[in-house]
Amino acid sequence: MNLNKKSLLVACVLAAMSTTAFAATESTSSTTATNQDTPTFTSTRVTREQHTTSTSPKTISTTEKSSFKSSSTSVGVGVGIGSLDTFMPIAGSLKQQPTYVNKAFVSMNDDRLAKLGYLGLIKVNGKWGIIGTNGQIVLEPAYKNLKSSYNKDGTFFVEEGKNKVIQIKADGTVLKSGEEAKEALYKSSSELTDEISNLTDYDKQTNLEKYPSDSYRIFKEKGKTGFTDAEGNVVIPAKFKELEEYFTKFSEDRAFVKLDGKVVAIDGKGNIVFTAPSNEVYNFKNGLAEYRRKVSHFGLGGVLGLVGLGYMYNHGGVYLDGLGNFIEDGMKRGYIDRNGNIVIDSKNDYVYPMERFGTFVRNDGKLGFMNRKGQYVIQPGNYEPGSIDVNGVLVTLKNKDTKKYGIFDMETGKQEIPFKYDSIDFIGEHHMNVTNESIRYVVDMSDGRIIYKGDKSTKVKNFLGDTYTWLYDKAGTYKILSVDGTIIETPITQEVTDAGAFYHGYSSVKIKGKWGVINTKGELVVQPIYEEVQIL
């Protein structure tokens, strides 16, 4: 079930991987701090502690570099707001993160290029160049395509002419060209592909044992398929056929092959273990293999729309609309164990792809969550699935009777948040975005602390890749929100009409139709004069 968490992480990692000199004038401005529950203090710095709303006045001044007019900076605090609105800590948000999540955040927080002084890619007249962290152009925009090497060593790949690739330093010095450059690009792309593949899989839990067959390789002889070991010795003679349209390989000492017109599972010695329940069956992962039954009424239109979301990451499984809601692909899938026993039957009305702790099953109009043993841990109810947190532990469900959302722990089945909110979305490692009636909350699930409370019409972006994100309302007003509850609004943020995510303390911003870069203080570090900007 490649759901919210995985697609969101992949998108963020991809974004994290993937002209004139900086013009500046200086102006001095005062800083004001506001709190919804307290008066406005002029020229104050705000200190904050968890579960408190204390402020400590201290006169300061700030210097802001910008080519735009500047008058003041407003810093608001949303910490501890809501003596009438309280959220309890959610235990599931504190569980140990799976390896793929840790890897994802390592990738998103990799700031090696910024430390080398390279901030982002800039586009002018359809050509790409590089901008530095000092706002100066490092490489003039002159290339149709430009991408950083995967290992972020300060080298880049560019396209010069048709099918001509060169590897360069950031200053344009050519390092490799021709086939040598293509080989380097292929290696870099393969490393990125492997990283994305890792992010769309989860930790091995039920199968920690290593088998010799894990390293077996396919060989062909007279139209039949067999297997060799890592040294090239034949261990299973060529007497099988590969599955049509699907890749046959060993996983967890099982491989699916065809024999006498039937799909069978063999072990590392070539023994037939069982006959598969379907001709469409996939490799074992964590003790289970997915199989599918053909359905004649299924249309491809919906599936084709999923391709852009990463449809092929899980044999055709991405089940969300954008980055939020589950959608169904019409597949009739089920799951079997390593002995061929059906654990979750494809005869249910609908079975979602397998996740870390299990999968959702809809049958007879009711939705429940089964663990990897085929046992219900969230009992079937009149529910709609919402989204899954990045750790793969928590899920939002909508009670279709009351139209309200709650949160469940998919490992234990415990309902952590009752059905009482109009919407709940996960927007970070342990942050959620909640609406109820006319109010929007941003909540730290680890301690129940409300870090933002405001009108429901105000939207909030995800805290993925940084500890800062954006708030924006229906009037188009943008403000910066920190995970500690600080709200930053400057004359520059007031000019913003669109913005990307924050990475390494920087975000691309659109001002008057052009793109630049802003820091977490609300200061422009790259003037908005470019067609596009991508933070490195």
Quick one: would you say Phe357 is of a type outside the set (S, T, N, Q) and surrounded by 23 or more Cβ atoms within 10 Å (Cβ to Cβ)?
no
Counted residues in segment 208-267 being β-branched (Val, Ile, Thr) and either part of a loop (DSSP other than H, G, I, E, B) or loosely packed, with under 13 Cβ neighbours inside 10 Å (or both) come to 2
Confirm whether Tyr319 is under 18 Å from the mean Cα position of the chain (by Cα) and either of a type in the set (S, T, N, Q) or modelled with pLDDT under 95 (or both).
yes
Can you confirm whether Ser423 is of a type in the set (Gly, Ala, Ser), within 28 Å of Leu367 (Cα to Cα), in contact with a His (Cβ under 7 Å, 6 or more places away or on another chain) and surrounded by fewer than 20 Cβ atoms within 10 Å (Cβ to Cβ)?
no
Residues in segment 77-127 that are at pLDDT 90 or above, of a type in the set (Val, Ile, Thr) and either part of a helix (DSSP H, G or I) or surrounded by fewer than 18 Cβ atoms within 10 Å (Cβ to Cβ) (or both): how many?
1
Segment 380-395: number of residues that are buried (at least 17 other Cβ atoms within 10 Å of the Cβ), modelled with pLDDT under 95 and assigned to a strand (DSSP E or B):
6
Among the listed residues Ile388, Ile344, which satisfies the condition of being more than 13 Å from Thr412 (Cα to Cα), touching a helix residue (DSSP H, G or I) at 6+ places or on another chain (Cβ under 9 Å) and of a type in the set (A, V, I, L, M)?
Ile388
Checking the structure you have, find out if any residue of segment 417-424 is farther than 27 Å from Tyr383 by Cα and either part of a strand (DSSP E or B) or not charged (D, E, K, R) (or both).
no
Checked pairs for segment 138-152, first at positive phi, second part of a loop (DSSP other than H, G, I, E, B) and acidic (Asp, Glu), C-beta under 8 Å and 6 or more apart or across chains, list as Lys152/Asp110
Go over the candidates Gly428, Gly465, Gly448 one by one and state the one that is under 24 Å from the mean Cα position of the chain (by Cα), modelled with pLDDT under 95 and more than 30 Å from Ala114 (Cβ to Cβ).
Gly448
So Val295 fits all but one of (1) within 33 Å of the chain's Cα centre (by Cα); (2) modelled with pLDDT of 90 or more; what number is the exception?
(2)
Could you tell me how many of the residues in segment 504-523 are surrounded by 24 or more Cβ atoms within 10 Å (Cβ to Cβ) and in contact with a helix residue (DSSP H, G or I) (Cβ under 9 Å, 6 or more places away or on another chain)?
4
Does Pro141 satisfy being at pLDDT 75 or above and either under 28 Å from Tyr478 (Cβ atoms) or assigned to a helix (DSSP H, G or I) (or both)?
yes
Restricting attention to segment 437-487, the residues that are hydrophobic (A, V, I, L, M, F, W, C), over 26 Å from Leu94 (Cβ atoms) and in contact with an Asp or Glu (Cβ under 8 Å, 6 or more places away or on another chain) number exactly 1
Within segment 246-285, how many residues are farther than 17 Å from Arg333 by Cα and not basic (Lys, Arg)?
21
Limited to segment 481-507, what total is found for residues that are of a type in the set (Val, Ile, Thr), more than 18 Å from Ile131 (Cβ to Cβ) and assigned to a loop (DSSP other than H, G, I, E, B)?
2
Would you be able to tell me the number of residues in segment 508-536 that are of a type outside the set (A, V, I, L, M) and outside any strand (DSSP E or B)?
7
Within segment 268-292, restricting attention to residues that are assigned to a loop (DSSP other than H, G, I, E, B), in contact with a Ser or Thr (Cβ under 7 Å, 6 or more places away or on another chain) and within 21 Å of Ser346 (Cα to Cα), which residue is modelled with the lowest pLDDT?
Asn286
Restricting attention to segment 151-172, does a residue exist that is modelled with pLDDT under 90 and under 30 Å from Val393 (Cβ atoms)?
no
Check on Val517, modelled with pLDDT of 95 or more and β-branched (Val, Ile, Thr):
yes
Pairs returned, first residue in segment 342-353 that is under 15 Å from Gly287 (Cβ atoms) and assigned to a strand (DSSP E or B), second residue that is acidic (Asp, Glu) and modelled with pLDDT of 95 or more, beta-carbon separation under 8 angstrom, 6 or more apart or interchain, are Val343/Asp337
Taking segment 426-468 and keeping only residues that are hydroxyl-bearing (Ser, Thr, Tyr), within 20 Å of Ile388 (Cα to Cα) and surrounded by 23 or more Cβ atoms within 10 Å (Cβ to Cβ), one is left with Tyr441
Mind listing just one residue for me: the one in segment 355-370 that is out of contact with any Gly (no Cβ under 9 Å at 6 or more places or on another chain) and part of a loop (DSSP other than H, G, I, E, B) and, of those, modelled with the highest pLDDT?
Asp364
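The values are calculated or read from the model by the stated rules, or taken from the named source; none is laboratory data. Quick caveat: nothing in here was measured; it's all calculated off a predicted structure. Using ideal geometry, Cβ is built from the backbone for each residue, glycine included, and neighbour counts are taken over all protein chains shown.
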